[in-house]
Structure formats: structure tokens, C-alpha cells
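Contents: one structure, followed by commentary.
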């Protein structure tokens, strides 16, 4: 039997206790491998030349030196396929949108349970965009506020439907099942949405959709 490929996980967290908890959590999962765990962005960057490329990066938003949000573009340039989940004690609107606009793929509060964190890693590996319920509620309230100032959408009705599902955290396969169309068709519509909204990844399209009141 072929051994299942493990997903490489990086941790960037300066709180020693929480960092140790994350390490233990990841090492308990057979499908994950903790490749690199450091307490600053600067040390994380040192791993670019020496460590295996991450599939998922778990990162604190507030770190000594460069912030987690500032680092996102560097990670995305070095590892375009890596997913970044921000772990933070903050749930304020500005930080959420800064992180999402910078390209973060998920945003979880540090008080999330170990089970929720593991589920978020699995979700993001499957194309999802995990967000803590408390943060999701704030985003929905902001979305409700933005709806009164909606911009005219350049999208077709089908694309608008798919955009709404993307904002809700659906994966390509989940959208395929929900709309009874093939994953290839969903992927094609998604690429058209990205092109029309001038974005390049899922987190950016979610941020733009909410900011511009497109859903």
C-alpha cells in the first residue's frame, strides 16, 4: 500500500505556550508533518532556503519585528500554493480585512479549540476559507451594512451565485454539489470571477466582494 503523503506545516508564533500547543496538535495528526516552528517572521524567512516548502502556514498576526500581515505577500511570492491561516486574539474588523486583503486564506481566534484548528487546516487544504464563527458574524454584519451601498456587479447571475458561495467558505467540490454542475465548470466560473474583479486568489475575492457589496 502506498504511504499517504503528509502535508508540511509551518508555525510562526511568539507565545511559547501557544506555540507548543500547536506543535503538539500538529504532531498528533498522521496526515500532517511539522516542518518548521519559529517565533518571528525573520526566522521564518530563514527557512526559505533550508526547509521544505509549507502546504499550510499557521501564523500569529502580532509578532516581534515584521507583523504577520506584512509577511503574507513574501510567503505568497515564495510559496504561491501555500495556504496561510492567521491565528490571533483579535477579532476587530480592520485586522480581519487587512489580513484578507493581503492574501490570508483563513482567520481563527486563538481561543479556537484544537479540533477547530485541525479542521481549519484540513478545510484550507481542500480549498476552503476557514474563519472563526465570531469573526464570520462580524463580517456578515459588515456585509449587511455594505449592501445598502452595492456597486453594479460585472458578474453574470451564475457567477454572482458562485461568488456568494465562495464568500460563505464553500470549496470547489462543495459548490459543484450545491449547484449540480461539474467541478471543471465551477473552476471556469471562478477564474472568470477573478478576472472580472481583478483579483488573483480566493481571500482577495472575498474581501473585494464584501468591501464592494457585490454579494
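Relative to the dominant Cα principal axis of the chain, helix 93-102 is inclined by about 90°. Among 191-200, 38-47, 102-111, the peptide with the highest mean count of other Cβ atoms within 10 Å heads the list, and the full ranking is 102-111, 38-47, 191-200. The translational diffusion coefficient of segment 150-211, from Stokes-Einstein at 37 °C and 0.692 mPa s with a Kirkwood hydrodynamic radius over alpha carbon pairs, comes to 285 µm²/s.
Counting only C-alpha contacts under 8 Å and six or more residues apart, can you give the relative contact order of segment 150-211 as a whole percent? RCO, segment 150-211: 37 percent. Model label points for residue 4 and residue 191, set 7 angstrom from Cα along the Cα-to-Cβ axis, are 3.0 nm apart. Using only the alpha-carbon atoms, how far is helix 16-27 inclined from the longest principal axis of the chain? Give it as 0 to 90 degrees, nearest 10. For helix 16-27, the angle is close to 80 degrees.
Every read-out reported here was derived from the displayed coordinates using simple, explicitly stated rules and does not represent laboratory data. Since the model is a prediction, treat every value here as computed from it, not as a measurement. Methodologically, a virtual Cβ is constructed for each residue, glycine included, from the backbone with ideal geometry; neighbour enumeration extends over all protein chains shown.
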